Amino acid sequence: MKAKAPTLKDIAQELGLSISTVSRALRGMPEINPDTREAVLALSKNKAYKLNANHSSSVPKSNLLGAIIPCNDYYFSQIIEGMDHAALDSGYTLIVSNSGESFGREVSIIQRLLQVNVDGFLISKTNETNNYDHYNRIISANKPLVMFDRECKDLEVPQMLIDNYEGGYLATKHLIEKGYRKICFLGDKPSDSLSKFTKENGIFEALVEAKIENYEKQKFYGIHNIEKAFEKTTEILRMNDRPDAFFAANDQIAIGVYRAIEEAGYNIPKDIGIIGYYDEPVMNSLSPSLSSMFVPAYDLGKAAINCLISQIHLEQTTKATLQTLKVQLSQRESTNQTKRFFGI
């Protein structure tokens, strides 16, 4: 059986170095200490490490990495920050393009990045994308590709995702444990039904466990900013059987919900609880402060870059691996149990 090819992580762990230092040493970057470079080269040689044949001297490397995001909100800005830091640490420059959730624009951006000979691609697909021909052109051009944030079924490349299923489950379970039962979900549009890593699937699981029914009547879509969330929440609060808690798909929606509840004269969290998603800094500055789910977007960006750079440096075929990062609850006053039941 052929021995498994070593990865940058294998070499870094054995020498007690960072992946970025190993990457720079193998590429002959001048800022690396000569002794460190020799140690990396010696170990990589012993481990049968080889530079990727697709980046031989006949095909000059550009030291450029291309990232495509579907929008430029707080969450994706944090991912890009992580990517940029990890890329610079490894001696690469990151080119970032925004597809604006347009399939046609995504295809056009990929064509242009192929023309400038970027060394690898990192892509979060658009909501319109259901054809992967343009991704397969990247693979056919022997360019490594890492997909992130949004799962692509049947695409044989590494994928880096946030476990939004767990996020939806933990947020909903938290609300239920705090005594809320009529939980309303507000989001932009339904998540990818082909992926199990969606907030909606996690929400449903938590409600089933608690034997809470009629969830389908408590989901509202088409809300993506503060203004839309304010309008929709105001409408929902006029219903006879109003919710006693809101789960917002992002923190901007949560802020709109917050404003509508306050204007309607309800108390947060005594009458109505709120929890958001992504844990933007503003959530802690409001009074009462808003609970949210912390998403490790920065770490996702770094992990995606390190995965891509490992492919660039190693003579190995692209493998369809799936890595998920966990979310955490940031509990604040908007779901505070003491305030809810005792009005403190």
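The values are calculated or read from the model by the stated rules, or taken from the named source; none is laboratory data. All of these numbers come straight from a predicted model, not from anything done at the bench. Please note: Cβ atoms are built from the backbone with ideal geometry, for glycine as well, and neighbour counts cover all protein chains shown. The accessibility values were calculated without ligands, DNA or RNA, using every heavy atom of the protein model including side chains. Shrake-Rupley method; radii C 1.70, N 1.55, O 1.52, S 1.80 Å.
Work out the FRET efficiency for residue 18 and residue 42 from their Cβ-Cβ distance, taking R0 = 25 Å, and round it to the nearest 0.05.
Efficiency, from the Cβ-Cβ distance: 0.90.
Let me have the 222 nm mean residue ellipticity of the chain computed from DSSP H runs of 4+ only, each contributing -39500 (n - 2.57), with the sum over all residues rounded to the nearest 500.
After summing the helix terms and dividing by residue count, I get -12500 deg cm²/dmol.
How high is the FRET efficiency between residue 181 and residue 328 when r is their beta carbon distance and R₀ equals 25 Å, given to the nearest 0.05?
Computed FRET efficiency for residue 181 and residue 328: 0.55.
Using 17 Å as the cut-off for backbone N distance, which residues of the stretch 179-203 belong to the label zone defined by a point 7 Å from the Cα of residue 282 along Cα→Cβ?
Only 187-188 fall inside the zone, counting backbone N under 17 Å.
Per residue, what accessible area does the chain have, given a 1.4 Å probe and all protein chains present, in Å²?
Ligands and nucleic acids excluded, the result is 48 Å² per residue.
Would you mind computing, in nm to one decimal, how far apart the modelled labels at residue 35 and residue 320 are, each placed 7 Å from Cα along Cα→Cβ?
4.7 nm
In nm, what is the difference between 0.36 nm times the number of residues separating residue 153 and residue 9 and their Cα-Cα distance?
Once the chain is fully extended between residue 153 and residue 9, it gains 49.2 nm.
Can you work out the base-10 log of I(q)/I(0) for the stretch 134-263 at q = 0.17, 0.20 1/Å, using the Debye formula on its C-alpha atoms alone?
Relative scattering, expressed as log10 I(q)/I(0), comes to -0.89, -1.12.
Each label point is 7 Å from the Cα along the Cα-to-Cβ direction; what then is the distance between the points at residue 235 and residue 213, in nm?
My value for the distance between the label points is 2.7 nm.
Any of 196/302; 196/232; 143/219; 9/153; 199/302 with alpha carbons more than 31 Å apart? Name them for me.
Listed pairs above 31 Å: 143/219.
In the chain, carbon and sulfur make up what percent of the accessible area (probe 1.4 Å)?
Summing carbon and sulfur atoms, their accessible area is 47 percent of the total for the chain.
Which value does Rg/Rh take for the chain over its C-alpha atoms, Rh per Kirkwood?
The Rg/Rh ratio comes out at 1.06.
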